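Working notes, structure below.
Just so it is clear, none of the values below were taken in a lab; they were calculated from the coordinates. Since this is a predicted model, take the numbers as computed values, not measurements. Here Cβ is always computed from backbone atoms with ideal geometry, including for glycine, and neighbour counts include all displayed protein chains.
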Amino acid sequence: MFSAFHVNPYRLSATALIAATLTLAACNAPPSAPSVGALPVAPEIASGYRTDLRTQYAAKHMAAAANPLAAAAGREILRQGGSAIDAAIAMQAVLTLVEPQSSGIGGGAMIVLWDGKTVRTYDGRETAPAGATEKLFLQADGKPMPFPQAQIGGRSVGTPGVLRALEMAHRKHGRLPWATLFEPAIALAQKGFAISPRLHTMIATDPFLSRSPDMAAYFLDGDGSPKAVGTLLKNPALANVLKRIAKEGPDALYQGPIAQEIVAKVQGHTNPGSLSLSDLKGYAAKERAPLCTDYKRWQVCGMPPPSSGGIAVAQILGTLQALEGRDPRLSLTPLKPQKANTPAGMEPAPEAVHLIAEAERLADADRALYVADTDFVPVPVAGLVSPTYLASRAALIGERSMGTAKPGTPPGIQVAYAPDRSPLRISTSQVVAVDDLGGAVSMTTTVEAAFGSHLMVQGFMLNNQMTDFSFIAEENGQPVANRVEPGKRPRSSMAPTLIFDRQNGEFLATVGSPGGSQIIEYVTKSVVGMLDWNLDPQAAISLPNFGSRNGPTELEKGQFSPALIQALKDKGHTVNEIDMTSGTQAIVRVRDAQGNATWAGGADPRREGEALGD
């Protein structure tokens, strides 16, 4: 049952807090700062849409990741009796090798975990070095740097956190020895893995990769061309690092020779950063109280700040719930997706796109103004997700699009802030798992932009997470909540999410997605699809992506009919058809004809992932 939630200061007893869409997963904060109001392109380019995926079923356990080799490693650990967090650790180690553009041990992660009794969240977000200042991303003339200038090199590297968060979670919830969890990744790094079509595409289209000697030697042939799809890529340096981490624990990365090389790379780059040995040694992951809110007959639990994902998903759902309470004709439930002549084979109803996009505009406006690291900034979390406040926000939604929403005034505000106008651009990955004993995990993990800072150390990439801070510290004399401060965690859009049945407390689903500032859109769509439209997890994930980041209404390119686009324009929407490269994974508890519980899993057709179970 849910008695364990009574200690959670963010758990609200609201009856209708969140309306049809939940978990926004993945990280994001502020990259390219110069152009106020500009929205960044997707952090990872599109590499195709698979039409062969079907929901996978399993009786005992299941793991899903954005790469089949990582999913296989998670399943192998579950087969050995490992817990959900054990599987997540194994998958992260493999993703460091096979999906280096998205995540790895040089980055950070946020974890939402169910141990069968209690929801827990672990914050492995990177921190700003002690030497960082609020002028970090300002040019000599005081203007924000162009994003590439800020990203590439040591300037953007924050103190990595993923291993410390995994260590903390494993100590409390692990069932297999720590060292065992790294065996699949070590074997793959030694024997080699075939370069996948997606990794090849990411290498071939990266404009900065050739400028990094370590990356060029690893990813490119002697003539400077990207190594071909199917090429066996070995990484003995990473294998040795993982062996040390397996034997010594995360201290192998945070102290000693590896730490010294990280610092030397960061401080010795032509665009140097201030990350120091003391920053690495002093890093600490944090267990935080989960943000759990009610939506219809479900309870949705996500990450609190410094993630904005959990708050935003709760706000969107709560706003949609308030709309339905105001007028049952505004309910999403009957607005089920329709068949369409597109790769996905279906598209959402125009009215559903309208309502969800409008709710997302409102949430994004609040996110930009109020959300940051609560260890540094007072964030009115309870006020932002309170039913009364969200009902007042829902009242702003009408028949026509509002275009650009303004932030509201939630209860509990202590400081007047200026809006963060730095667009977000984050490259991320997502893993989910459920184990034999009913435990579950959703973890969103990232190195920020594709290939992070483009600094490679011993076969793994260092993050550029510092660019998730606002590039400007104040505006019109008012501070920006997400400004750079030493030791601070940059705001994220990561939205790892767990869903429960409120009536009996039964765990229902684990879900999350990468995708930078669009994570919230992707998670919301998938949650609404599973809960309101009763879609199986694969169908919900495969449904075309759509939403708004408080700018144009964004539709996944090539996935929407002219009729739907025109219907939105008739409602006043400015429509942008763009690539929306999500990477959503989900596992849902279902019942067979005899009433026995089983697992159904889905992976995103826009990446290479799989859901695998027994």
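Can you give the extra length, in nm with one decimal, that the chain gains between Lys557 and Lys281 once fully stretched, where that is 0.36 nm per residue apart less the Cα-Cα distance?
Between Lys557 and Lys281, full extension yields 94.8 nm more.
For a Förster distance of 25 Å, can you work out the FRET efficiency between the beta-carbons of Thr374 and Lys135, rounded to the nearest 0.05?
0.60
Can you tally the net charge around Val527? Count Lys and Arg as +1, Asp and Glu as -1, for every other residue whose Cβ sits under 13 Å from the Cβ of Val527.
Charge balance in the 13 Å sphere: -1.
Would you kindly work out the equivalent ellipsoid of the stretch 170-211 from its C-alpha gyration tensor and give its semi-axes, the square roots of five times the eigenvalues, largest first in whole Å?
On the way: eigenvalues 209, 39, 18 Å².
Those come to 32, 14, 9 Å.
Kindly provide the trypsin sites (Lys or Arg not before Pro) of the stretch 108-184 that DSSP labels as loop, not H, G, I, E or B, and whose Cβ sees at most 14 other Cβ atoms within 10 Å. Don't skip to the answer; put the middle values down first.
Details: sites: Lys117, Arg120, Arg125, Lys135, Arg155, Arg164, Arg171, Lys172, Arg175; in loops: Lys117, Arg125, Lys135, Arg175.
Those satisfying the criteria are Lys117, Lys135.
Of the peptides 319-332, 247-260, 91-104, 507-520, how do they stack up when ordered by the mean number of other Cβ atoms within 10 Å, highest first? Please report the intermediate quantities before stating the final value.
Working: 319-332: 19.7, 247-260: 16.8, 91-104: 28.6, 507-520: 31.9.
In decreasing order of mean packing, 319-332, 247-260, 91-104, 507-520 become 507-520, 91-104, 319-332, 247-260.
So how far apart, in nm, are the two label points at Thr270 and Asn504 if each is 7 Å from Cα heading toward Cβ?
So the label points at Thr270 and Asn504 sit 6.3 nm apart.
Hey, fewest Cβ within 10 Å first, where do Ser493, Ser83, Ser429, Ser225 land in order? Write out the running numbers ahead of the final one.
Details: Ser493 37, Ser83 29, Ser429 33, Ser225 11.
Result, fewest neighbours first: Ser225, Ser83, Ser429, Ser493.
Can you list, largest first and rounded to whole Å, the semi-axes you get for the chain by taking the square root of 5 times each eigenvalue of its Cα gyration tensor?
So the three semi-axes of the chain are 33, 28, 24 Å.
Which of the helices in the chain, when you take each full DSSP H run, stretch at least 27 Å along the axis at their Cα atoms and have an average Kyte-Doolittle score of -0.5 or higher? Could the numbers behind the result be given before it?
Numbers: long enough: 350-370 (30 Å, -0.08).
Span-like helices, by this rule, are 350-370.
Report the convex hull volume per residue for the stretch 129-216, counting only C-alpha atoms, in Å³.
Numbers: hull volume 15.7 nm³, N = 88.
Output value, Cα hull per residue: 179 Å³.
Where the centre of each part is set by its Cα atoms, how far does the stretch 173-211 sit from the stretch 345-360, in angstrom?
36
Select from Ile245, Leu233, Gly268 the residue farthest towards the positive end of the dipole of the stretch 130-284; place +1 on Cβ of Lys and Arg, -1 on Cβ of Asp and Glu, and compute about the Cα centre.
Toward the positive end, the furthest listed residue is Ile245.
Report the charge-dipole magnitude of the stretch 252-409 in Debye, nearest 20, computed about the Cα centre from +1 at each Lys and Arg Cβ and -1 at each Asp and Glu Cβ. Present the calculation step by step, with values, prior to reporting the outcome.
On the way: 15 positive and 15 negative charges, 44 e Å.
Dipole magnitude for the stretch 252-409 comes out near 220 debye.
Among the listed pairs Lys60/Lys172; Lys143/Lys488; Lys60/Lys336, which have their C-alpha atoms separated by more than 24 angstrom in this model? Please report the intermediate quantities before stating the final value.
Numbers: Lys60/Lys172 22 Å; Lys143/Lys488 22 Å; Lys60/Lys336 31 Å.
Violating the 24 Å Cα-Cα cut-off are Lys60/Lys336.
Rank the residues Arg502, Arg361, Arg489, Arg211 as a footprinting-exposure proxy: fewest other Cβ atoms within 10 Å of their Cβ go first.
Least crowded to most crowded, the residues run Arg211, Arg502, Arg361, Arg489.
Work from the charge dipole of the chain (Cβ charges, +1 for Lys and Arg, -1 for Asp and Glu, about the Cα centre) and give the residue of Ala64, Ser212, Pro100 farthest towards its positive end.
The one lying farthest along the dipole's positive direction is Ala64.
Taking a cut-off of 21 Å between Cα atoms, list the lysines near Lys339, but don't count ones fewer than 8 places away on the same chain.
Lys525, Lys557, Lys569
To the nearest 20 Debye, how big is the dipole of the stretch 548-614 about its Cα centre, given +1 on the beta carbon of each Lys and Arg and -1 on that of each Asp and Glu? If you can, show how the numbers build up before the last one.
Working: 8 positive and 10 negative charges, 58 e Å.
That gives a dipole near 280 debye.
Can you show me the helix-derived [θ] at 222 nm for the chain, built from DSSP H runs with n ≥ 4 at -39,500 (n - 2.57) apiece and divided by the number of residues, rounded to the nearest 500. Walk me through the intermediate numbers first.
Details: 18 runs with 183 residues, N = 614.
Estimated from H runs of four or more residues: -9000 deg cm²/dmol.
Using +1 on the beta carbon of Lys and Arg, -1 on that of Asp and Glu, and nothing else charged, what's the dipole of the chain about the Cα centre, debye to 20? Let's see the in-between values first.
Values: 55 positive and 56 negative charges, 95 e Å.
Roughly 460 debye for the chain.
What number does the stretch 443-520 give for Rg over Rh if you use C-alpha atoms and the Kirkwood radius?
Numbers: Rg = 17.1 Å, Rh = 15.3 Å.
Rg divided by Rh gives 1.12.
How much net charge surrounds Thr598 when only other residues with a Cβ under 10 Å from its Cβ are counted (Lys, Arg +1; Asp, Glu -1)?
Details: positive: Lys60, Arg589, Arg591; negative: Asp592.
Neighbour charge sum, excluding Thr598 itself: +2.
Of all the C-alpha pairs in the stretch 162-303, what % are more than 22 Å from each other?
Numbers: 5934 of 10011 pairs.
Above the 22 Å cut-off, the stretch 162-303 has 59 percent of its Cα pairs.
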